[in-house]
Amino acid sequence: MGFTLEEVARQVGGTVVGDGSVVVSGVAGIREAEPGQLTFLSNPKYERYLPMTRASAIIVSGDYAGRQDLNGKPLIVAENPYGAFARAMEMLGDPADAVEKGIHPSAVIAESATIGEGVSIGPQVVIGKEAVIGDGTVVYPGVYIGAGVQVGRDTIIRPNVTLKAASRIGDRVIVHSGSVIGSDGFGFAREGDCHRKVPQIGTVIVGDDVEIGANVCIDRATVGATRIGNGTKIDNLVQIAHNVVVGEGSIVVAQVGISGSTEVGRGVVLGGQAGLVGHITIGDGAMVAAQAGVTRSIDARERVSGYPAQKHSVAKRLLACLQRLPDLFRRVKDVEARLDRLEEDD
Amino acid sequence: MGFTLEEVARQVGGTVVGDGSVVVSGVAGIREAEPGQLTFLSNPKYERYLPMTRASAIIVSGDYAGRQDLNGKPLIVAENPYGAFARAMEMLGDPADAVEKGIHPSAVIAESATIGEGVSIGPQVVIGKEAVIGDGTVVYPGVYIGAGVQVGRDTIIRPNVTLKAASRIGDRVIVHSGSVIGSDGFGFAREGDCHRKVPQIGTVIVGDDVEIGANVCIDRATVGATRIGNGTKIDNLVQIAHNVVVGEGSIVVAQVGISGSTEVGRGVVLGGQAGLVGHITIGDGAMVAAQAGVTRSIDARERVSGYPAQKHSVAKRLLACLQRLPDLFRRVKDVEARLDRLEEDD
Amino acid sequence: MGFTLEEVARQVGGTVVGDGSVVVSGVAGIREAEPGQLTFLSNPKYERYLPMTRASAIIVSGDYAGRQDLNGKPLIVAENPYGAFARAMEMLGDPADAVEKGIHPSAVIAESATIGEGVSIGPQVVIGKEAVIGDGTVVYPGVYIGAGVQVGRDTIIRPNVTLKAASRIGDRVIVHSGSVIGSDGFGFAREGDCHRKVPQIGTVIVGDDVEIGANVCIDRATVGATRIGNGTKIDNLVQIAHNVVVGEGSIVVAQVGISGSTEVGRGVVLGGQAGLVGHITIGDGAMVAAQAGVTRSIDARERVSGYPAQKHSVAKRLLACLQRLPDLFRRVKDVEARLDRLEEDD
């Protein structure tokens, strides 16, 4: 199945420069693309591959429209080439393994569960009492959906996911394999030398259009709810503790850990492996650098890095000073010698 | 199902201040609680919510007993309000999704396995040869219990857990979803440019009253056993390598990594995302701060932080010095200028 | 089943010192070994246990061959005692729980899938359309193998693993429990305040003789392939993002995170919890210390540590300076006082 560049450009919101009747039938990276495929350039790091790509056409930003070294190869010029490529992939990409419509006979589904229209439930799935699965949702093999869990419409639950604690999962959500939503929060009350388990009886509420990576853990609240806002995207191996709230449209990169009861605002970006202590607030639009250790609340739109995390501009200056520390030691030694001489002269 | 405050107070070891005949039928956080529910105040950060809570009663410490702004709302005064609330939740909380008693027909259980009295085994479970499941234990759907694994009494194995390597799991243990106990340790012997796998033939021994979070990995020993002591609590996404020993009553927070053969004492607290190198010893009662990188053995009751981890008091002083480093550069520059002038005068 | 020391020495490439007719029938660590077992000494930290071990024989390096305090206990002297012990374990170790040959009736296998000779497929396995399982491969219970996935020969897929995205897994690979290969990469294009999912349509290609730990995530490429080279070993809870390339014979320790499109060379060692940003190159034979934060490309054979990671020798010197920082503050204060006096005198 192919499309002309004109058709693709119309769909992705770009403009053809060159021959718009060229047909492309697939997409690929700038180095791997073959004739007949469409590629893109977004990160300038890959600019050097531009003249050599074997792709039949390239999605670029306006800066590249007039370049001579492209030998007249047709282009689609778009404001956001990566976004345009994403849309092109939706047209031209190869859909992944699908689950057949209907309920596989090996699935074990409680009689009191409610299964919507057009749902696909794969083999070896288990769905508990009074669970609700919305219309058009796909549940891959090996998934466990506990009693009282509610899954919205057109949501995709990948293989071997566990949903518990009467969690509520929104519409058009994707949960990748191995993730656990609704496991007990880590709460213990000290009694002498022992740690007595604090029962965790809250739930997890995941908004619409959320994506949750593989092997992520989102714990149920002690009481109340752990919440993930609409449109938030969570990468693999992230830990979200009990009673955490993450706002709408935030990005949580792989291996981040968010401790209990911390509230993360809207449009926040948490870099990979960053850690947040509990009971703090991260303001809307804040950015936390990768591996940062956040030990206090962060203002809206603040950018922080390092351990303990502080304003990125300050942290950068401290790192620059640190680099020059051996030199400073030498300078102080020199100063001391000069003083010795002056004092002797005195 | 409700209880009077007097009944609750008796059960949780507290004293009613106010009307002890008030009936509560549920528990909730201080902000979410509704009339008819019981809440608590433990962390002073939440004190500001005290006057506005809609809860019918509050568990507090003695400090709050005489406060005027509570409008005569009945209190349960307890030495440890969080611990008392935990016990109240056991009375009033809503139990999570349960597995029915007996063995689901879709479970595949080896004939030579021994299944105790009152055991619940959910759908799609697989139990291998000569495995032993103790009385009253609950095995959720999708769990794999390998050959020779022994699980104690009244233990709970959540969905999609993997237990291998003839591991021994104690009584009253909880293993949360996605965790893997008894996977091979990461052991290779270099042979020229290759890494030859060192067979991992040891086991894992988990004591009684241990809780293991979601997506945790505890590797089997190369030879001998990886051991987790009684009453130790392990949070989500923790990595425990082969031949590690963790003592009794320790707390291992989310995303911690413990390298091979390291021995962690009793009552130790390892903060989130901390990493420990292999072949070291962490003394009883030691505390390792979040994100610390521990590269040497730690004495009993020592508190360490930073990378490489050192005594917390020292690490804090260094961080304070670091903050003042730009100022130090300025002072040295100033000193140099003053010296220049003095030397000129000289 | 036992072997004489002479037989073991021949197999492991060592030389017996002492009575070569002694029979050993198992292996164990130096502290746990009992009479009848063979142990080894490789790490000098454990040298102190040498005189007390109850093992019937010990594998050591040549340095220990003449020691008096071993009371004439027979030794196998080998150049690489750990490697020799690994081979001895292959002779004497106890194989783990096995899956029976053939296909368990509860497995759900697409008609169009190709299953090789001598394959074992356990209960509750699901294998999708046109998947290929090579000869002699073992698929443990609860595994999901998606449509079009190709698994090589003599490969072992442990319980509850998920293989997706038409991934290609080589020969003699081991994938431990809970790992997810071929989940979507974390790619979003910003559209105003929203993040639009970039479809991930690439695959994952895993070479031969690779070992992948438990609860690891290896994402499929956006387009093209995420690649793991032959003989590379990956520990538990590692995150490998879309379009990453890892070369042959590399070692990736637990909880490492590698961001998108980064290329790791051959024979590289990435220490535990290290994090690598995206779109960089790590040269062949480079070593990244545990917890390092790598923010730029690394040359071949370079050793780096710290945050941001820099040459290990430089990072060590900076850490040493940092330790002496309080002293430097005192020295500068002292210098300032001396200057005050000199200026007064002036």
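The values are calculated or read from the model by the stated rules, or taken from the named source; none is laboratory data. All of these numbers come straight from a predicted model, not from anything done at the bench. Using ideal geometry, Cβ is built from the backbone for each residue, glycine included, and neighbour counts are taken over all protein chains shown. Only protein heavy atoms, including side chains, enter the accessible area calculation; ligands, DNA and RNA are left aside. Shrake-Rupley method; radii C 1.70, N 1.55, O 1.52, S 1.80 Å.
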Can you tell me which condition A:L5 does not meet? The list is (1) open to solvent by less than 80 Å² (accessible area, probe 1.4 Å); (2) in contact with a helix residue (DSSP H, G or I) (Cβ under 9 Å, 6 or more places away or on another chain), and all the others hold. (2)
Checking C:E90 against (1) free of Cβ contacts under 8 Å to residues at least 12 places away in the same chain; (2) crowded, with 19+ Cβ neighbours inside 10 Å, which test does it fail? (2)
Determine, yes or no, whether A:V223 is open to solvent by less than 20 Å² (accessible area, probe 1.4 Å) and touching a helix residue (DSSP H, G or I) at 6+ places or on another chain (Cβ under 8 Å). yes
Return only the number of the condition from (1) closer than 30 Å to B:R153 by Cβ; (2) surrounded by 14 or more Cβ atoms within 10 Å (Cβ to Cβ) that B:K101 does not satisfy. (2)
Where residues in region B:302-317 are at the interface with another protein chain (Cβ under 10 Å from one of its Cβ atoms) and over 14 Å from C:P326 (Cα atoms), which of them is surrounded by the fewest Cβ atoms within 10 Å (Cβ to Cβ)? B:P308
Can you spot a residue in region B:66-86 that is without any contact (Cβ under 8 Å) to a residue 24 or more places away in the chain, under 30 Å from A:A110 (Cβ atoms) and not hydrophobic (A, V, I, L, M, F, W, C)? no
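For every residue, the table says whether it meets (1) of a type outside the set (A, V, I, L, M, F, W, C); (2) surrounded by fewer than 23 Cβ atoms within 10 Å (Cβ to Cβ); (3) within 10 Å of the chain's Cα centre (by Cα).
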{"residue": "C:N230", "(1), (2), (3)": "yes, yes, no"}
{"residue": "C:I234", "(1), (2), (3)": "no, no, yes"}
{"residue": "C:Q239", "(1), (2), (3)": "yes, no, no"}
{"residue": "C:G247", "(1), (2), (3)": "yes, yes, no"}
{"residue": "C:S250", "(1), (2), (3)": "yes, no, yes"}
{"residue": "C:V253", "(1), (2), (3)": "no, no, yes"}
{"residue": "C:S259", "(1), (2), (3)": "yes, no, no"}
If B:V216 satisfies every condition in (1) open to solvent by 10 Å² or more (accessible area, probe 1.4 Å); (2) within 12 Å of chain C (Cβ to nearest Cβ); (3) within 16 Å of the chain's Cα centre (by Cα) but one, which is the exception? (1)
Within region B:11-46, restricting to residues that are within 14 Å of B:N80 (Cα to Cα) and of a type outside the set (A, V, I, L, M, F, W, C), the one that is least open to solvent (accessible area, probe 1.4 Å) is B:T39
Filter region A:269-285 down to residues that are crowded, with 24+ Cβ neighbours inside 10 Å and more than 16 Å from A:H242 (Cα to Cα) and give me whichever is farthest from the other protein chains (Cβ to nearest Cβ). A:I282
Test result for B:D299, over 20 Å from A:G293 (Cβ atoms), more than 10 Å from chain C (Cβ to nearest Cβ) and either of a type outside the set (A, V, I, L, M, F, W, C) or more than 27 Å from the chain's Cα centre (by Cα) (or both): yes
If you go through B:G202, B:G192, B:G207, B:G182, the only one that is under 28 Å from B:Y140 (Cα atoms) and without any contact (Cβ under 8 Å) to a residue 40 or more places away in the chain is B:G182
Among the residues of region C:52-72, which ones are in contact with a strand residue (DSSP E or B) (Cβ under 7 Å, 6 or more places away or on another chain) and either β-branched (V, I, T) or open to solvent by 50 Å² or more (accessible area, probe 1.4 Å) (or both)? C:T53, C:I58, C:I59, C:V60
Is it the case that region A:119-135 has a residue that's away from chain C (no Cβ under 12 Å), part of a loop (DSSP other than H, G, I, E, B), within 23 Å of A:K164 (Cβ to Cβ) and touching a residue at least 24 places away in the same chain (Cβ under 8 Å)? yes
Given (1) touching a Leu at 6+ places or on another chain (Cβ under 9 Å); (2) part of a loop (DSSP other than H, G, I, E, B), B:V204 misses just (2)
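Looking at C:A289, C:A320, can you tell me which residue is over 22 Å from the mean Cα position of the chain (by Cα), small (G, A, S) and either within 14 Å of chain B (Cβ to nearest Cβ) or farther than 24 Å from B:R190 by Cα (or both)?
It is C:A320.
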For region C:45-93, what are the residues that are farther than 24 Å from B:F188 by Cβ and either charged (D, E, K, R) or modelled with pLDDT under 85 (or both)? C:R48, C:R54, C:A65, C:G66, C:R67, C:Q68, C:D69, C:L70, C:N71, C:G72, C:K73
If C:V332 satisfies every condition in (1) more than 7 Å from every other protein chain (Cβ to nearest Cβ); (2) crowded, with 17+ Cβ neighbours inside 10 Å but one, which is the exception? (1)
Please determine whether any residue of region B:216-236 is farther than 16 Å from B:V173 by Cβ, at pLDDT 95 or above and of a type in the set (D, E, K, R). yes
In the set B:V180, B:V210, B:V252, B:V256, the lone residue that is more than 7 Å from every other protein chain (Cβ to nearest Cβ), out of contact with any Leu (no Cβ under 7 Å at 6 or more places or on another chain) and either closer than 29 Å to A:N160 by Cβ or at pLDDT 95 or above (or both) is B:V210
Filtering region A:8-44 down to residues that are free of Cβ contacts under 8 Å to residues at least 40 places away in the same chain and more than 28 Å from C:H279 (Cα to Cα) yields A:R10, A:S21, A:V23
List every residue pair whose Cβ atoms sit under 9 Å apart, with the two residues 6 or more apart in sequence or on different chains, where the first one lies in region A:214-225 and is in contact (Cβ under 8 Å) with a residue 60 or more places away in the chain and the second, anywhere, is surrounded by fewer than 24 Cβ atoms within 10 Å (Cβ to Cβ). none
Going through region A:261-277 in order, the residues found to be more than 23 Å from B:A274 (Cβ to Cβ) and either under 13 Å from the mean Cα position of the chain (by Cα) or acidic (D, E) (or both) are A:E263, A:G267, A:V268, A:V269
Residue among A:Y49, A:Y82 that alone is aromatic (F, W, Y), out of contact with any Pro (no Cβ under 9 Å at 6 or more places or on another chain) and open to solvent by less than 50 Å² (accessible area, probe 1.4 Å): A:Y49
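Of all the strands (runs of 3 or more DSSP E) wholly in region B:136-197, which have at least 1 residues that are open to solvent by less than 10 Å² (accessible area, probe 1.4 Å)?
Qualifying strands (runs of 3 or more DSSP E): B:180-183, B:188-191.
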